[in-house]
Amino acid sequence: MDYIKGYKRDNGEYGIRNHLLVIPTVICANQVCNRISQMVPATVAIPHQHGCSQIGADKERTFATLAGTGKNPNVGAVIIVSLGCEVIDPYALADDIRVTGKPVEVIDIQEVGGSVKAITHGTELARKLRAELDQIPSEPIPASELRIGVKCGGSDATSGMASNPALGVASDVLIEQGGTVIISETTEIIGAEHVMAARCSTPEVAEQLYHFIERFEVEINRMGADMRGGNPSPGNIAGGLTTIEEKSLGCISKCGTSPLVGAFEYAEPIPGKGLYFMDSPGNDIECVSGMAASGVHLVCFTTGRGTPTGAAVVPVIKITGNRRMYEKMTDNMDVDVSDMLEGKIGVEGAGQDIWREIVEVANGKETKAEVLGHQEFSINRIGPTL
């Protein structure tokens, strides 16, 4: 059993980071949140475009994603900044996050008298909360507490041949130790959904997986669109991928060989341990943000074309099997498994290299995206804006 370092939360969970998070309930509060974060080091803001003119399931998704991000165990305390007239209720959001036992403060821009006063008040609160978080010690915990998301983006031919199957080995290592792996990207299992369904632990899980696929295809048809216009993407095609089925078969290899024990909606809390599927778009930032809101500690992200993006509250480990791209974008890539394609290392060895990187990052090593300050965040939406 491997061990990692974690920060214990009041609800018994452990985080591998100890973030102070500043959440805007609405786009109108973004700048205040950004300024508070800039004024206090080791503070993360998650600006977004939503929170107003939303109803029904779309409003509920925004609320769930913001609440889930605040509940993520990598977050130790939260400041919520509200304009004061949006559809997302800041006090309901605060109450939802407080069930974890972490401190949550709310600032209303209209109530305190404008942006400058809100920034001043928020900065004072942030300095106080940051000082308290800095007193929390880390402690050793078993790797069975770890929850990782597996994601691919900017895929090319090397993704399906090297980085994805190598990540699949690392996924199996974690699950064998009692941990949790989340795979998502509904759009990127189309054509291989029957392969995933055959791995489901029960007929009910397979039925839910097929439901996610059918729901997406119905929506695409309603729009009168052909998803092949965007998937495979122009970059995928230039990188040697020819069909969506080829891309999907490579995509699903990154979650290893363990049984799929459950499937859940975007940004919902992870139901338990083992391998799960989360419904999400293939869009990199929307997908990773949904994973973070569901409760993963970190994300392993394979890419053959190269992408610099990270995430707000979870470290993102970039993995590639494309040596040429690794050498060109070494300041963005964390793990290179291209030796697989040259016969210098097998899939098991490459997978163990990825697993060692996971353990090091869980123990505090910063990923390249963290070093560069990448804190991308985006909420997947469902309906039209009013």
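The values are calculated or read from the model by the stated rules, or taken from the named source; none is laboratory data. Everything numeric in this text was worked out from a predicted model, so none of it was measured. Don't worry about glycine lacking a Cβ; one is built from the backbone with ideal geometry, like all the others, and counts go over all protein chains shown. In case anyone asks, the SASA skips ligands and DNA or RNA and just uses the protein heavy atoms, side chains included. Shrake-Rupley method; radii C 1.70, N 1.55, O 1.52, S 1.80 Å.
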Strands (runs of 3 or more DSSP E) contained in region 128-184 and holding at least 2 residues closer than 28 Å to Glu265 by Cβ: 147-152, 180-183
How many residues does region 336-350 hold that are in contact with an Asp or Glu (Cβ under 8 Å, 6 or more places away or on another chain) and surrounded by fewer than 23 Cβ atoms within 10 Å (Cβ to Cβ)? 1
For region 186-195, state whether one or more residues are open to solvent by less than 30 Å² (accessible area, probe 1.4 Å), touching a residue at least 12 places away in the same chain (Cβ under 8 Å) and either among the aromatic types (Phe, Trp, Tyr) or touching a Phe, Trp or Tyr at 6+ places or on another chain (Cβ under 6 Å) (or both). yes
Helices (runs of 4 or more DSSP H) completely within region 279-386 that count 3 or more residues being in contact (Cβ under 8 Å) with a residue 40 or more places away in the chain: 284-294, 347-362, 368-371
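Does Pro73 qualify as being touching a strand residue (DSSP E or B) at 6+ places or on another chain (Cβ under 7 Å), part of a loop (DSSP other than H, G, I, E, B), more than 26 Å from Thr120 (Cα to Cα) and modelled with pLDDT of 95 or more? First the steps, then the outcome.
Numbers: touching a strand residue (DSSP E or B) at 6+ places or on another chain (Cβ under 7 Å): yes; part of a loop (DSSP other than H, G, I, E, B): yes; more than 26 Å from Thr120 (Cα to Cα): yes; modelled with pLDDT of 95 or more: yes.
When the stated conditions are applied, Pro73 passes them.
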Kindly establish whether Asn322 is within 28 Å of Val22 (Cα to Cα) and open to solvent by 10 Å² or more (accessible area, probe 1.4 Å). no
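Here is a yes/no grid of residues against (1) touching a residue at least 12 places away in the same chain (Cβ under 8 Å); (2) part of a helix (DSSP H, G or I); (3) touching a strand residue (DSSP E or B) at 6+ places or on another chain (Cβ under 9 Å):
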{"position": "Met1", "(1), (2), (3)": "yes, no, yes"}
{"position": "Gly6", "(1), (2), (3)": "yes, no, yes"}
{"position": "Ala29", "(1), (2), (3)": "yes, yes, yes"}
{"position": "Val44", "(1), (2), (3)": "yes, no, yes"}
{"position": "Pro47", "(1), (2), (3)": "yes, no, yes"}
{"position": "Ser53", "(1), (2), (3)": "yes, no, no"}
{"position": "Thr65", "(1), (2), (3)": "yes, yes, no"}
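So, Lys273, is that one of a type outside the set (Gly, Ala, Ser), in contact with a Ser or Thr (Cβ under 9 Å, 6 or more places away or on another chain), at pLDDT 95 or above and open to solvent by less than 30 Å² (accessible area, probe 1.4 Å) or not? Talk me through it step by step, then tell me what you get.
Numbers: of a type outside the set (Gly, Ala, Ser): yes; in contact with a Ser or Thr (Cβ under 9 Å, 6 or more places away or on another chain): yes; at pLDDT 95 or above: yes; open to solvent by less than 30 Å² (accessible area, probe 1.4 Å): no.
So Lys273 does not fit the description; no.
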